[in-house]
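A short write-up of the structure that comes next.
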Amino acid sequence: MHRGTPSKPGLVLGLDRGGNCRGVAYRVAAKKRAATIGYLRGREQVTLVYREAWRAVWLDDDPQQSVQALCYMVDRGHRQYAGRLPLDKQLHYVRQGHGRSGNNREYVLDAVKEIERQGYRDKQLHILAGQLKGIHEAS
């Protein structure tokens, strides 16, 4: 929905099992908890491809202490799970995708740019970005 339509789906990045990630944790006042969770469910649960999960997260300002955070983890059994798509199919979906949150190609390229800015590299995602830019890398 956000980067594609039912007739021309796109792809988005989501949390999957295994590994770890860096992100942003937001502290929400108790009185805004229900409204915030309602907002997140409306945004993240459009097609129910994600499962809500409470996970321990570590904050940069106190890496010794963890807090519980609501996360949205991809459901590998959902029909929209795309974590095993070959590169040619990924390219197809990303090139055609444009949804209510914008162009899928720009979303992927912006994500890769931000990952690089933070000093990280994901080989498969960078190959996809290279193909989207017209660079033909060998696998």
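Below are the figures for this structure:
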| read-out | value |
| --- | --- |
| Single match in Gln64, Gln131 (criterion: out of contact with any Cys (no Cβ under 8 Å at 6 or more places or on another chain) and in contact (Cβ under 8 Å) with a residue 40 or more places away in the chain) | Gln131 |
| Some residue of segment 110-126 being over 21 Å from Gly19 (Cα atoms) and either modelled with pLDDT of 95 or more or open to solvent by less than 30 Å² (accessible area, probe 1.4 Å) (or both) | yes |
| Matching option when the condition is closer than 26 Å to Leu132 by Cα and open to solvent by less than 80 Å² (accessible area, probe 1.4 Å), among Gly42, Gly18, Gly97 | Gly97 |
| Test: Gly10 is open to solvent by less than 80 Å² (accessible area, probe 1.4 Å), touching a residue at least 60 places away in the same chain (Cβ under 8 Å), within 30 Å of Leu125 (Cα to Cα) and outside any helix (DSSP H, G or I) | yes |
| Options Tyr81, Tyr72: the member that is part of a loop (DSSP other than H, G, I, E, B) and open to solvent by less than 50 Å² (accessible area, probe 1.4 Å) | Tyr81 |
| Of residues in segment 45-59 being open to solvent by 40 Å² or more (accessible area, probe 1.4 Å) and of a type in the set (Phe, Trp, Tyr), the one nearest to Cys71 (Cα to Cα) | Trp54 |
| Residue check for Arg84: basic (Lys, Arg) and under 24 Å from Tyr26 (Cβ atoms) | no |
| Meets criteria (in contact (Cβ under 8 Å) with a residue 40 or more places away in the chain and outside any loop (DSSP other than H, G, I, E, B)) for Val46 | no |
| Search result, residues across segment 100-109 that are in contact with a helix residue (DSSP H, G or I) (Cβ under 7 Å, 6 or more places away or on another chain) and open to solvent by less than 70 Å² (accessible area, probe 1.4 Å) | Asn104, Val108, Leu109 |
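The values are calculated or read from the model by the stated rules, or taken from the named source; none is laboratory data. Computed from a predicted structure; not experimentally measured. Note: ideal-geometry Cβ built from the backbone for every residue, glycine included; neighbour counts use all protein chains shown. Quick note on the areas: whole protein, heavy atoms, side chains included, nothing else; ligands and nucleic acids left out. Shrake-Rupley method; radii C 1.70, N 1.55, O 1.52, S 1.80 Å.
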